[in-house]
1. Report yes if Thr121 is more than 18 Å from the chain's Cα centre (by Cα) and among the polar types (S, T, N, Q), otherwise no.
2. Is it true that Leu29 is surrounded by 15 or more Cβ atoms within 10 Å (Cβ to Cβ), more than 19 Å from Asn127 (Cα to Cα), of a type in the set (A, V, I, L, M, F, W, C) and modelled with pLDDT of 95 or more?
3. Could you tell me whether the stretch 80-91 includes any residue that is surrounded by 15 or more Cβ atoms within 10 Å (Cβ to Cβ), β-branched (Val, Ile, Thr) and either assigned by TED's automatic domain parsing to the domain that holds Lys144 or under 25 Å from Lys268 (Cα atoms) (or both)?
4. Can you list the helices (runs of 4 or more DSSP H) lying wholly within the stretch 1-110 that have 3 or more residues being in contact (Cβ under 8 Å) with a residue 24 or more places away in the chain and among the hydrophobic types (A, V, I, L, M, F, W, C)?
5. Quick check on this structure: which one of Ser185, Ser219 is assigned to a loop (DSSP other than H, G, I, E, B), within 22 Å of the chain's Cα centre (by Cα), surrounded by 15 or more Cβ atoms within 10 Å (Cβ to Cβ) and of a type in the set (Gly, Ala, Ser)?
6. Read through the list (1) over 18 Å from the mean Cα position of the chain (by Cα); (2) assigned to a helix (DSSP H, G or I); (3) closer than 29 Å to Gln299 by Cα; (4) not β-branched (Val, Ile, Thr), then give the number of the only condition that Trp175 fails.
7. When only residues in the stretch 271-313 that are among the polar types (S, T, N, Q) and assigned to a loop (DSSP other than H, G, I, E, B) count, which is farthest from the chain's Cα centre (by Cα)?
8. Need pairs with beta-carbon distance below 7 Å; first residue part of a helix (DSSP H, G or I) and within the stretch 112-123, second among the β-branched types (Val, Ile, Thr) and buried (at least 17 other Cβ atoms within 10 Å of the Cβ); sequence gap 6+ or separate chains.
Amino acid sequence: MIKAGIIGGAGYTAGELVRILTYHPEVELDFVYSTSRPGTPVSGVHQDLIGEIDLLFSGEINTEVDVVFLCLGHGNSVKFLAENKFSKNTKIVDLSTDFRMDGDHDFVYGLPEFKKDAIKTANFIANPGCFATAISLAILPLAKAKKVEDEWHVNAVTGATGAGVSLSATTHFTWRDNNFSAYKSFEHQHLNEIGQSLKWLQPDFDSTVNFIPNRGNFSRGIHATAYTKFTGSLEDAKAIYTEQYKDAAFTFVTEENIHLKQVVNTNKCLLKLEKFGDKLLITSVIDNLLKGASGQAVQNMNLIFGLPEDSGLHIKASYF
């Protein structure tokens, strides 16, 4: 069995990881580390697990586990790893932004549909952001085919869980309910990793990704639409995307209209392609906490340890 640990156990992504790893057929969850709740039941915070686990939050870290997941606030993973040394055999999957950009580190960007071979041999994984995942899966096949001819226009809506568990003015029920708003227009932090992936796949791409993120009045999920100029036919585009994702464990191109209920509570991404004049439109839907975070983190772990990519990730969508 693979021994796993979680650092930073009280947030939404940690809660999803606890559930997935608890029922993963090849994993033993060794500890969930929390500085604020040591000795208290994990199910006291993640109450969907009441009656399912007896694990207590730990105030100590087992540095000899096979894999550790970092569910820390952005900017804290770098500091944590500087202060805590793990066994040379321990694999690390970081869910923060700290190591997603290329730099002086050994972390591999963990987007399995495009980095599978590198992930399989990696010791350290930088798990992609939620918006970045939904958008990258929509636009990168065209870049890999060297067919991006113009700028991208992207509009995406995320649920309230995308803001994390801490209460703020814009996550309070009285603000979020019956409301909708844009934020960080054209400057969202996930644009950096999206742009990096585009340049990696199509080095001559010198245009922009115009991204408007929005807050929706629902709990979880991301619905993204992306369009760009494309001189080929719709059939040409579908052939590119079908070829790219023909062996993907969780990303599927469909002719059906897509919506959040098809993917919420799963590790899937659904894509639909349409053509309007010279514009190619791709719609992408994911669960921000699973394919956009914890599910993809476990997908990466599976690849590292040579397991079937979908191990522990057969989860029913909240369709009805």
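1. Criteria met by Thr121.
2. Yes; evaluated as a whole, the condition is true for this residue.
3. Within the stretch 80-91 (the criterion being surrounded by 15 or more Cβ atoms within 10 Å (Cβ to Cβ), β-branched (Val, Ile, Thr) and either assigned by TED's automatic domain parsing to the domain that holds Lys144 or under 25 Å from Lys268 (Cα atoms) (or both)), the answer is no, since none of the residues qualifies.
4. The qualifying helices (runs of 4 or more DSSP H) are 12-22.
5. Ser219
6. Unmet for Trp175, out of (1) over 18 Å from the mean Cα position of the chain (by Cα); (2) assigned to a helix (DSSP H, G or I); (3) closer than 29 Å to Gln299 by Cα; (4) not β-branched (Val, Ile, Thr): (3).
7. For the stretch 271-313, the residue satisfying everything is Ser311.
8. Close Cβ pairs (under 7 Å, with a partner that is among the β-branched types (Val, Ile, Thr) and buried (at least 17 other Cβ atoms within 10 Å of the Cβ)) amount to Pro112/Ile119; Glu113/Thr251; Lys115/Val108; Ala118/Val108; Ile119/Val108; Ile119/Ile125; Ile119/Ile304; Lys120/Ile304.
The values are calculated or read from the model by the stated rules, or taken from the named source; none is laboratory data. This structure is a prediction, so every number in the text was calculated from the model and none was measured. All Cβ positions, even for glycine, are placed from backbone atoms using ideal geometry, and neighbour counts span all protein chains on display.
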